[in-house]
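*Asks:* Before we start, here is the structure in question, set down as structure tokens.
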Amino acid sequence: MTLLCLQNLRAGYGGGDIVHGVDLAVAPGEMVALVGPNGAGKSTLLKAIAGVAKVTGGTLTLDERNLIPLTPAARAQAGAVFMPQDRNVFRTLTVTENLSVSAWGCRDIAQRRAEVTSLLPTMRPYMHKRAGGLSGGQRQMVALGMALMARPRVLLVDEPTAGLSPLLVGEMLDVLRELAAAAALGILIVEQNARAALERADRALVLVDGRVVRSGSAAVLAQEPDFGALFFGEAA
Amino acid sequence: MQMFINALATAAILAPAAVAFTLIFTLFRYANFAAGGFVTVGAFAAWTLNAPLGLPLWAGGVGAMGVCAGAVALSDRVVFRPLRGRSGGTLLLVSIALSFVIENIIRFCFGAQVKGFDLPLTGPMVFAGLRVPKETVWVISISLIATLAVGALLTFTPIGRALRAVADNASLANVRGLPVPGVEAFGVIVAGALFGLSGTLVGVDLAIDPNLNWAIAIPVIAAAIVGGLGSPLGAAIGAVVIGLAEELTAAHFSPTYKGAVGFVVIALVLLLRPQGLLGTKVERK
């Protein structure tokens with residue numbers, strides 16, 4: 001069963017395409033990693049699905065519903081929820097307020113907040129603090145909580161470990177892995193720590209210059225001897 | 001003590017408009033210098049409903065809030081929205097031009113004569129030997145209630161939280177599913193209603209003067225800057241500071257210098273504490 005489906009998707013910011021014809025599918029409970037060198041179009045692809053970047057061709061559906069005509073807000077309400085890399089919390093609002101405002105228009109905000117805090121219990125001690133005063137790791141956790149308040153079908157996560165310590169990188173990716181399994185959530189993740197992401201993802205796609213150059217099982221891709229050298233400039 | 005009551009009365013007039021000014025600033029990141037023009041619109045709208053049309057003053061005040069909300073929403077739609085994305089300086093200059101347009105429309109429609117509300121004559125109220133006009137008590141009470149109501153709206157209601165979220169980061173609000181244009185429109189309407197309330201209170205405590213524009217705009221902007229741009233509570237506190245400064249100036253120097261107080265306070269705040277009393281420091285990018 002496919003949740004999110006992209007066929008020959010092209011996207012950019014108005015000055016020419018950055019993503020050139022990507023085919024991709026994400027199933028419920030599946031974590032798919034998008035990896036590749038800087039400037040490959042990974043974040044642009046996520047933003048195109050979320051409605052922040054412009055789709056210039058191809059198809060994009062969630063549960064067979066066409067997302068392309070929808071605004072970013074409507075796509076979030078439809079279940080395609082984007083977690084940006086930075087500036088991803090409302091700094092002047094408390095954590096509780098950040099969560100509440102992320103379930104706009106819902107009548108069961110308190111219940112959703114309880115669900116999210118039970119999924120991410122590390123947030124509990126700082127629920128009444130302003131998000132702007134939190135550490136990088138705490139902020140990323142709040143950003144994830146905010147995304148979950150919308151009860152997403154598919155979560156589009158852009159570099160959730162940027163700026164985090166190595167210990168927190170693993171923790172964050174483990175939380176995402178567990179969420180995918182526990183909530184039958186599809187996760188499409190762009191991650192700079194490619195090896196850490198591949199260790200947790202079910203499948204992976206390697207994007208170079210806006211095109212998928214390799215895809216398959218994350219575990220198999222991670223074992224390829226030329227993987228690091230070809231795509232990340234790592235020493236062989 | 002009398003001076004303190006006078007200061008509170010001045011603060012009561014300034015506070016709603018200062019809160020409105022800071023609300024627009026936080027939402028759209030520009031200083032709307034047409035604030036004085038909108039307060040004048042509110043004063044004349046309330047006067048029109050009260051004196052020529054014979055409605056009670058409370059109805060005139062409510063009507064003025066509606067008229068001002070419409071005027072601010074119209075100016076946002078016609079003047080400011082097409083310029084979204086331009087620098088704060090550009091929008092500030094546009095707002096100054098708009099204030100002159102509003103001032104001249106008011107003069108064209110109502111002439112150059114000072115007006116007054118049609119209010120029954122009442123005796124003063126006496127508190128601990130102090131004689132306070134009933135109108136002043138009403139002005140202070142209504143302003144306080146309105147300011148607290150806006151504070152409660154922003155803190156405790158979903159639309160208030162959404163307003164603060166959009167003011168904080170509109171692009172994030174968009175991907176979080178908030179109806180950003182609708183929330184912004186709501187903020188504009190609330191700001192307009194507050195300008196209308198200030199206009200009505202000016203007319204009750206002072207006079208309805210077609211030349212009110214800059215006489216009220218400078219202290220309103222000073223109050224918002226003193227409090228810290230972006231903080232509605234700070235704007236209300238700033239209004240009290242400006243009210244006190246104006247009354248102290250009148251008492252110790254001359255009432256003639258009251259008009260300069262706003263400029264002096266703005267200069268002092270920018271020199272000593274640019275972020276204002278309750279504002280937060282931001283780094284220039």
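*Asks:* Order these by the 10 Å Cβ neighbour count, fewest first: A:S43, B:S171, A:S118.
*Replies:* The order, fewest Cβ neighbours first, is A:S118, B:S171, A:S43.
*Asks:* Can I ask one more? In a Gaussian network model over chain B where Cα atoms closer than 10 Å are linked, find which of B:R77, B:R176, B:R164 has the largest mean-square fluctuation.
*Replies:* B:R176
*Asks:* May I pose another question? Tell me, what is the FRET efficiency for B:L153 and B:V101 to the nearest 0.05, using R0 = 25 angstrom and their Cβ-Cβ distance as r?
*Replies:* 0.25
*Asks:* Then there's this: Just to verify a number: FRET efficiency for A:E199 and A:R91, C-beta to C-beta distance, R0 = 35 Å, to 0.05?
*Replies:* Using R0 = 35 Å, I get an efficiency of 0.65.
*Asks:* Still on this structure: Could you run the Karplus curve 6.51 cos²θ - 1.76 cosθ + 1.60 with θ = phi - 60° over the range A:86-95 and give me ³J(HN,Hα) per residue in whole Hz, x for Gly and Pro?
*Replies:* 10, 6, 9, 10, 7, 5, 8, 9, 6, 4
*Asks:* Shifting gears a bit: In a solvent-free Debye calculation with one equal scatterer on each Cα, what is log10 I(q)/I(0) for chain B at q = 0.09, 0.16, 0.17 Å⁻¹, listed in the order of the q values?
*Replies:* One equal scatterer on each Cα of chain B leads to -0.40, -1.29, -1.45.
*Asks:* Follow-up. Quickly estimate the mean residue ellipticity at 222 nm for chain A, helices only: each DSSP H run with n ≥ 4 gives -39500 (n - 2.57), and the total goes over all residues, rounded to 500.
*Replies:* After summing the helix terms and dividing by residue count, I get -10000 deg cm²/dmol.
*Asks:* Residue-wise, which Karplus ³J(HN,Hα) couplings in Hz belong to the range B:215-230, taking 6.51 cos²θ - 1.76 cosθ + 1.60, θ = phi - 60°, and x for glycine or proline?
*Replies:* So the J values, rounded to whole Hz, are 4, 9, 4, 5, x, 5, 5, 4, 4, 5, 6, 4, x, x, 3, x.
*Asks:* Take every Cα pair under 8 Å in the range B:126-232 that's 6+ residues apart, average their separations, divide by the length, and report that relative contact order as a whole percent.
*Replies:* Averaging sequence separation for qualifying contacts and normalising by length gives 22 percent for the range B:126-232.
*Asks:* Normalised by the residues of chain A, what does the relative contact order come to in percent, with Cα pairs under 8 Å and at least six apart?
*Replies:* Contact order relative to length: 28 percent.
*Asks:* Something else about it: Treat each spin label as a single point 7 Å out from the Cα along the C-beta direction, and report the A:S217 to A:R107 distance in nm.
*Replies:* 4.7 nm
*Asks:* With each run of n ≥ 4 DSSP H residues scored as -39500 (n - 2.57), what mean residue ellipticity at 222 nm is computed for chain B after dividing by its residue count and rounding to the nearest 500 deg cm²/dmol?
*Replies:* -24000 deg cm²/dmol
*Asks:* In the Gaussian network model of chain B, springs joining C-alpha atoms below 10 Å, which of B:G187, B:G123, B:G88 carries the largest mean-square fluctuation?
*Replies:* Comparing B:G187, B:G123, B:G88 in the GNM, the peak value goes to B:G123.
*Asks:* Under a plain spin-label model, where a point goes 7 Å from the Cα along Cα-to-Cβ, how far apart in nm are B:L53 and A:A114?
*Replies:* 5.0 nm
*Asks:* Sticking with this one: Which residue fluctuates the most in chain B, going by a Gaussian network model with Cα springs under 10 Å, if the choices are B:F253, B:F80, B:F117?
*Replies:* The residue with the greatest mean-square fluctuation here is B:F253.
*Asks:* Among A:E178, A:E97, which comes first, second and so on when ranked by fewest other beta-carbon atoms within 10 Å?
*Replies:* A:E178, A:E97
*Asks:* Another one. For B:202-213, what's the mean count of beta carbons from other chains sitting within 10 Å of each residue's beta carbon?
*Replies:* Per residue, the number of nearby Cβ atoms from other chains is 0 on average.
*Asks:* Principal axis extents for the range B:167-285, Cα atoms only, whole Å, descending order, please.
*Replies:* Projected onto its principal axes, the Cα set of the range B:167-285 covers 55, 34, 20 Å.
*Asks:* Determine by what factor the alpha-carbon radius of gyration of the range B:18-88 differs from 2.2 N^0.38 Å, reporting the quotient.
*Replies:* Ratio of Cα Rg to 2.2 N^0.38 Å: 1.26.
*Asks:* Mind checking which aspartates and glutamates have their Cα closer than 18 Å to the Cα of B:K115? Skip sequence neighbours fewer than 8 apart in that chain.
*Replies:* Cα-Cα hits under 18 Å: B:E103, B:E135, B:D205, B:D209.
*Asks:* Determine the distance separating the Cα centre of the range A:1-64 from the Cα centre of the range B:92-135; give it in Å without decimals.
*Replies:* With the range A:1-64 and the range B:92-135 each reduced to a Cα centre, they are spaced 58 Å.
*Asks:* Looking at chain A from every direction and averaging, what is the projected area of its Cα convex hull in nm²?
*Replies:* In nm², the orientation-averaged hull projection of chain A is 12.5.
*Asks:* Separate question: In Å³ and rounded to a whole number, note down the convex hull volume per residue for the Cα atoms of the protein assembly as shown.
*Replies:* Each residue corresponds to 173 Å³ of Cα convex hull volume.
*Asks:* Percent relative contact order of the range A:89-152, based on C-alpha pairs within less than 8 angstrom and at least six residues apart?
*Replies:* So the answer I get is 52 percent.
*Asks:* Follow-up question, since we're still on this one. Using the alpha-carbon centroid of each, what span in Å lies between the range B:188-250 and the range B:1-69?
*Replies:* First find each Cα centre; the distance between them is then 8 Å.
*Asks:* May I pose another question? May I ask you to sort A:K54, A:K42, B:K115, A:K47 by Cβ crowding, counting other Cβ atoms within 10 Å and putting the fewest first?
*Replies:* In increasing order of surrounding Cβ atoms, one gets A:K54, B:K115, A:K47, A:K42.
*Asks:* Would you please give the FRET efficiency between B:K134 and A:M127, computed as 1/(1 + (r/R0)^6) with r the Cβ-Cβ distance and R0 = 41 Å, to the nearest 0.05?
*Replies:* 0.30
*Asks:* Here is a follow-up. Quote the charge dipole size of the protein assembly as shown about the Cα centre in Debye, to the nearest 20; the model charges only the Cβ of Lys and Arg (+1) and of Asp and Glu (-1).
*Replies:* For this selection, approximately 400 debye.
*Asks:* To the nearest 10 degrees, how steeply does helix B:258-272 sit against the main Cα axis of chain B, on a 0 to 90 scale?
*Replies:* It works out to around 40 degrees.
*Asks:* Something else: Quick one: work out Rg over Rh on the C-alpha atoms of the range A:89-152, Rh as Kirkwood radius.
*Replies:* With Rh from the inverse mean 1/r over Cα pairs, Rg/Rh is 0.92.
*Asks:* Which helices, counted as full DSSP H runs in chain A, have an axial Cα extent of no less than 18 Å and a Kyte-Doolittle average of 0.0 or above?
*Replies:* Qualifying helices: A:136-149, A:166-182.
*Asks:* Could you tell me the largest-minus-smallest coordinate of the C-alpha atoms of the range B:38-135 on each of the three principal axes, in descending order and whole angstroms?
*Replies:* For the range B:38-135, the Cα extents along the three principal axes come out at 54, 34, 24 Å.
Values in this text are rule-based calculations from the coordinates and carry no lab data. This structure is a prediction, so every number in the text was calculated from the model and none was measured. We place every Cβ from the backbone using ideal geometry, glycine too, and count neighbours over all the protein chains shown.
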